Structure formats: C-alpha cells, structure tokens
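Quick notes on the structure that follows.
Derivation of every value follows stated rules applied to the coordinates shown; laboratory data play no part. In this text the structure is predicted, and so the values were computed from the model without any measurement. Cβ placement follows ideal geometry from the backbone for every residue including glycine, while neighbour counts extend to all protein chains displayed.
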Amino acid sequence: MRGAARRAGALALSACLACSLLLAGCVDQHPERSENGDGSDEPRIIATSPAIAEVCDLLGLDLTGVPTTSRGLPDRYADVDQVGTAMSPDLEIVKSLRPDYVLSPNSLQSDLQPKFASIMVASVFLNLRSVQGLYDSIAYLGDKFDRKEQAQALVDEYEAFIEGYRAQNEGEGSPKVLVLMGVPGSYVVATPNSYVGSLVELAGGRNVYADSEEEFVNVNTEDMQARDPDIILRTSHALPSQVMAMFANEFATNDIWRHFRAVQEGRVYDLPSDKFGMSADFDYPDALEELRIILYGEEAGSDGTVVGEAASAAAAASSFSSDAGAVADAAAGIVGDAGFGAVASIVDKQE
C-alpha cells in the first residue's frame, strides 16, 4: 500500500513538473484546467512581479496573489493577498492560495521552477528580458486566458510606436555602447540579452559585448577599453544613490578610465534606475526617448567622475531598501548571473 502511495506521489510530482512552462518556446504542457472549487471558470492566477501584475491588469485578468513590493501595483489588486518578492516568493502562501498558475519572469526559472513543482503548482515563466519579449508574453497570455482582443490592441499599439520611433532615427549612426550595471561595491557589463542592453539595441546602438550569450558578464577594464565604446552608460540594480557614487569614485580614481575615448570625449551617462531596471515594463517609451537623445548627441555627457542629474534625481526618489539583506540579495543576484554564483539571473529588487 505504501509503495503504491509513493508511486502515486512520484507520478503527481512528475505531472506538476511537466506543467511548468517556458514562454520562450510558447509550449503549454499544462492539462486543461478544471473548474475552480467555487464554481468559477476564471483561472486562479498569481503574479510574482510588478511588471507581470501590470500586464495582467491591462489584459483585464483578476489575480489571486500579487508580489510584495515597494512599487505601486494596479488599483484593482489593492486587496489581493501578497506572496513575497519576485526572487523569494513565500511558498506556503502560494500553496495556500490554490493557484491554477503562477506567473514569473523567466530570468528566475532555474531557481523557481523546482520550488513551485515541489508544492505541486503549475508555473508559467514569461520573457521580460526585452520589449519584444514583453509583447510576446502579452500575446501568449491573451491566447491562454481568452484575452486575445485586449492583447492584440496592446501589440498593435507597440508596433505603431516602434515604427514611428525607428522612422525618427532613420539615417542616424549606430554608436558603440558599453553598458555597466552596478550594485554597491561591484559592477558588471550588461549585454543585449539583458533588458537595459536590449533597449540600447532597440534605440539603434551597438553593444560592444553583443558576442556574449549571457545577460551579464564580468570582464576586466582592459578588455572594455579594447572594444573602444563611443558611449558608456551606467545604471544600478539596487541602491542607486550608493551605486552612482561608487561609479563616480571608480572613474575618478582608477586611471584606466582616463584612456577610454568615451571618457575623454565626455560621453559617459548615468541612466535612472526607475526606467532602466532588470525587467521590461511599460515605461520603455520614456527609456527609449532618453536613449535617443543620448545616442545621437543631443545631450551632453561627462567624464564619469560626477553623477548625472537624471540618475541622481531618480536615486533620491527611489524607495529601495538600504538594509544589509537587500544589498546582499542584489549583489548575489547580479554577480551570480555574471558567472560567480548560483543564481540563474536577476530581476529588479523592487519586483
């Protein structure tokens, strides 16, 4: 009898693992959802990041659980149960809410998928590493949850915006760009496979680390200099005030930066972390406009020894936690993704 029970449990866990989805392939292996216990045909959905909650709101989807976050969430979810942060959702709370699906960023799949499987919960991992990925996710959710009309309207709006944006930049050059992402005491290079890196390419820039398959890479400054970027962009993953001060000190005291052509020509820019975070969201038009001004020479930069005004203002308004735990989590995430830790990827700590 016990052997049969163990076999049944193993089969159930295997079925749950098969339910986990990776949007990159748009393959849904989840069986048809049965009617909820309350008689409703609407699925019970948990969104674990603010960006995903915003997508669900625009699609008119009710949620059973939302992330714990310092960022604002759509008003319709004001009274919905919170399940913890995107990086560390509370599995007991998640399980207690009896969701049909948990929606999370696919940058966290390797860490979260086995955890959700362990509590017998089906998970869907959405691609928020680029604006295109965001809208692919919208189209997917619209199809899955019978919101095709709402999804198509959002996709049409995006395509119209991108067409106009590209026309505006037609004939401009494609400057070479180095993107630095920092946490207090450390920084890595963001490639086109990261959200901020994808924005640079969408704006018409050429990332000098476009040959990397990772989101973030840890390389020495000599290699960065050898790639001769026209422009250097700096942004933060957490605690922006501290990070921007760190960058300014690094550029002022580390002699090698003086030999970068971008530094000599005053083409170093600090990006506000509220627009250039770790996951795609609907602020991308503002971010792209800011990049357009930077890439095509309409805004003066610096030699990197001072903090840019926009980044400084965003840092002052930021509600990032300053406790040691938050700093440690952020550092572990970004260093892990650059090849020095066990974390598969990172998302904005505010998520």
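Taking amide H atoms as placed 1.01 Å from N in the peptide plane, list the residues 5 or more away in sequence, or in a different chain, whose amide H sits under 5 Å from that of Ser174.
Amide H neighbours of Ser174, under 5 Å, 5+ apart: none.
log₁₀ I(q)/I(0) of the stretch 45-165 at q = 0.12, 0.15, 0.16, 0.21 Å⁻¹, via Debye over equal Cα point scatterers, no solvent, to two decimals?
-0.42, -0.65, -0.73, -1.20
Glu299 to Asp143: extension gain in nm, 0.36 nm per residue of separation minus the Cα-Cα distance?
Result for the pair: 52.0 nm of gain on full extension.
Taking amide H positions as placed in the peptide plane 1.01 Å from N, state which residues far from Leu180 in sequence (5 or more) or on other chains have amide H under 5 Å from it.
Ala190, Leu233, Arg234, Thr235
Can you pull the one-decimal nm distance between simple spin-label points at Asp62 and Ile256, each 7 Å off the Cα toward Cβ?
5.7 nm
How much length, in nm to one decimal, is gained on full extension between Ala210 and Asp283, taken as 0.36 nm per residue of separation minus their Cα-Cα distance?
23.9 nm
Calculate, for Ala167 and Ala78, the FRET efficiency according to 1/(1 + (r/R0)^6) with r their C-beta to C-beta distance and R0 45 Å; round to the nearest 0.05.
Computed FRET efficiency for Ala167 and Ala78 comes out at 0.70.
From the phi angles alone, apply the Karplus equation (6.51, -1.76, 1.60; θ = phi - 60°) to the stretch 182-196 and give each ³J(HN,Hα) in whole Hz, x where the residue is Gly or Pro.
x, 10, x, x, 7, 8, 9, 9, 8, 9, x, 7, 9, 5, 5
Using the Karplus curve 6.51 cos²θ - 1.76 cosθ + 1.60 with θ = phi - 60°, work out ³J(HN,Hα) for each residue of the stretch 111-128 in order, rounded to whole Hz, and write x for Gly and Pro.
8, 8, 4, x, 5, 5, 5, 5, 9, 6, 10, 6, 10, 10, 10, 9, 7, 10
Starting with the fewest neighbours, write out Phe282, Phe145 ranked by other beta-carbon atoms found within 10 Å of each beta-carbon.
Phe282, Phe145
Express in nm, to one decimal, how much length is gained between Lys115 and Glu159 on full extension, taking 0.36 nm for each residue of separation and deducting their alpha carbon distance.
Full-extension gain reported as 12.2 nm.
So if we plug the beta-carbon distance of Gln264 and Gln132 into 1/(1 + (r/R0)^6) with R0 = 35 Å, what FRET efficiency do we get, rounded to 0.05?
Approximately 0.50, to the nearest 0.05.
For Asn207, list long-range residues whose amide hydrogen, built 1.01 Å from N in the peptide plane, is under 5 Å from its own amide hydrogen.
Val177
Between Ser70 and Ala226, what is the label-point separation in nm under the 7 Å Cα-to-beta-carbon projection?
Reported label-point gap for Ala226 and Ser70 is 3.9 nm.
Across the stretch 205-212, in residue order, what do the Karplus-derived ³J(HN,Hα) couplings come to in whole Hz, using 6.51 cos²θ - 1.76 cosθ + 1.60 with θ = phi - 60° and x for Gly and Pro?
Computed from phi, the couplings for the stretch 205-212 are x, 10, 6, 5, 10, 5, 7, 8 Hz.
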